[in-house]
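These notes concern the structure reproduced below.
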Amino acid sequence: MKKLFRYLIYILPLILCFSYYPLIKLGENETMYFELSLPLIWLMVFDAVGLVMVVDKYRSKLFSKVFGSALWWLFPIFVTFSVIWSLNVLRGILTVGVMWALFFAVVFFFELRENLDTKFWKIFWRWFFGAALFVCVWCVVQCILDVAGVPQEASLLCDGCVYQMFGFPHPNGFAIEPQFMGNLLLAPTIASLYFYISDKNKKYLILFAIFAATLFLTFSRGAIYACVVGLVFFDFFVWARAKKSEKKAVCKNIMKTVGIFVAAFLFTLNLQGVLAAASPTADTYGDGVAKVINHLSLGVIDIRGKSTEPVESSEKSETKTEGKTEAAFDGYVAESTDTRVRLSRAAFDIWKKDFKTVMVGVGIGGAGQALYNNGDSPAPREIVQNEYASILLETGLVGALLLLAMLILAVKMIIQKCEIPEVLLPLLVAYGVSLIFFSGFPNALQIILLPGLLFFFSKK
């Protein structure tokens, strides 16, 4: 059983990469799809193994004093009870099930950490960075396949990822969307940077450059912004913790990594320009570069030609230049941002409608139904796309405050007891920023599992 426990953790980084492909589809209703992914299957198996090992270890005492604090339990217990008044009971029950599975996985990480020694961690980090490298290579292959005309069934690119959108593809890896692929790269990017700063080993600098370049290739603004904020926090935190005699050397290393990060962006920017020129669209290298800058800057920086005008996606098959179709978008897609802002505002408006909703929300899993009932979405399946607004709407002020207390306790523990707060705190900051751009965890289990694992098991 101990060997199985170790092997399950070894493969976790790789399993997390397959968050949407392959997928077991179990059906659907008007409010949600019923699907099983590899990470969810891993989570169920790991919890079963962990439960057997913990019961065998403690017999009558299942949890240590660390998890005896009521703050750890109040939020998940409250969320569980919120199923009673949820606008979507079935979705609420399934969401609570995943939440408890994640919660107990973190508990088992802590309770069984003595089974993992220094040798284990050397192997784990190879799996960790190896899995990230594998998915980075696949992302590049996806782009090449798409430009070469390989169908989506083989390339696994999502509908909004193909070259017809911007003139160049932006990969989603084995995730459902590029933003989730980008989110997967946050941990290896920050971890590789930490290992370089700590060990001065250039191989980690190379890994950092590869991960950063692939992150830019996903073209996910949410993941890119989150990474930038996380890296800025990392640099400040490392500099602040350094001794006075070490600050000059730390600053030198930080400037070097900043240069590598900028170089990674410029490399990917040129690659996207090349992909645009090589694609069957009428876009040139310059068009691809200009679109990237315009989109990532939210339309602020515009180096496109003055004669360039947006082309609606419905016209992409009709407008042709020299026998080539025009891409659907010529730069910043405001609709993507506007939709997120609109749904977040709608969620806030629904939340403050009455006292009950303000205090306890519409119940876990009920956000989509609440938006639909209020006329703010075309179908109950549409979600808020902002985890903070979703939590406030579904669990109310009580749930938000309980979650905040839980997070404060976690940060306190990281600062006091964690051996690598330089990795965990910036990673939590990056994940926190990324949650502004999506909601729900089934496609992003790494946000809970990786910080929990690295906190309890990490070695410098």
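The values are calculated or read from the model by the stated rules, or taken from the named source; none is laboratory data. Since we're looking at a predicted model, the values are computed, not measured. Cβ coordinates were reconstructed from backbone atoms using ideal geometry, including for glycine residues, and neighbour counts include every protein chain displayed. Just the protein is used for accessible areas: all its heavy atoms, side chains included, with ligands, DNA and RNA removed. Shrake-Rupley method; radii C 1.70, N 1.55, O 1.52, S 1.80 Å.
Could you tally the net charge around Arg91, taking each other residue with its Cβ under 15 Å from the Cβ of Arg91, Lys/Arg +1 and Asp/Glu -1? Here the charged neighbours net out to -4. Across the stretch 85-227, Cα-Cα distances exceeding 18 Å account for 66% of all pairs. Checking the a/c ratio against 1.5 first, then a/b against b/c, what shape does the Cα gyration tensor give for the stretch 199-255? It comes out oblate by the Cα gyration axes. Within a straight-line Cα-Cα reach of under 16 Å, Lys57 can be paired with the following aspartates and glutamates, leaving aside sequence neighbours fewer than 8 residues apart in one chain: Asp47, Glu111, Glu114.
Leaving ligands, DNA and RNA out of it, report the carbon-plus-sulfur percent of the accessible area of the stretch 355-406 at a 1.4 Å probe. Each step should come with its number before you reach the end.
Numbers: 1410 of 2010 Å².
Solvent-exposed carbon and sulfur of the stretch 355-406 make up 70 percent of the total.
I need the fraction of alpha carbon pairs in the stretch 330-408 separated by more than 14 Å, rounded to a whole percent.
Value for the stretch 330-408 (Cα pairs over 14 Å): 60 percent.
The dipole here belongs to the chain: it is taken about the Cα centre, uses +1 on the Cβ of Lys and Arg and -1 on the Cβ of Asp and Glu, and is about 2620 debye. Counting only protein heavy atoms and a probe of 1.4 Å, the accessible surface of the stretch 170-232 is 65% carbon and sulfur.
Across all Cα pairs in the chain, the calculated P(r) in 10 Å bins from zero up to the longest distance comes to 4, 19, 28, 27, 16, 5, 1, 0 percent per bin.
Accessible area per residue of the chain at 1.4 Å probe, in Å²? Provide the component values of the computation, followed by the final result.
Values: 20990 Å² over 460 residues.
That works out to 46 Å² per residue.
Nearest 500 deg cm²/dmol is fine: what mean residue ellipticity at 222 nm does the chain get from its DSSP H runs of n ≥ 4 alone, each adding -39,500 (n - 2.57), divided by its residue count? Helix-only estimate at 222 nm: -21500 deg cm²/dmol. Which of the aspartates and glutamates could a cross-linker span from Lys353 if the Cα-Cα distance has to be under 14 Å and same-chain partners fewer than 8 positions apart are dropped? Those aspartates and glutamates meeting the cut-off are Glu394.
Taking 23 Å as the cut-off for C-alpha to C-alpha distance, list the pairs among Lys3/Lys203; Lys2/Lys202; Lys203/Lys256 that go past it.
Values: Lys3/Lys203 30 Å; Lys2/Lys202 35 Å; Lys203/Lys256 14 Å.
Long pairs (Cα-Cα over 23 Å): Lys3/Lys203; Lys2/Lys202.
Taking all protein chains in place and a 1.4 Å probe, what share, in percent, of the accessible surface of the stretch 1-159 do carbon and sulfur account for? In the stretch 1-159, the share of accessible area belonging to carbon and sulfur is 70 percent.
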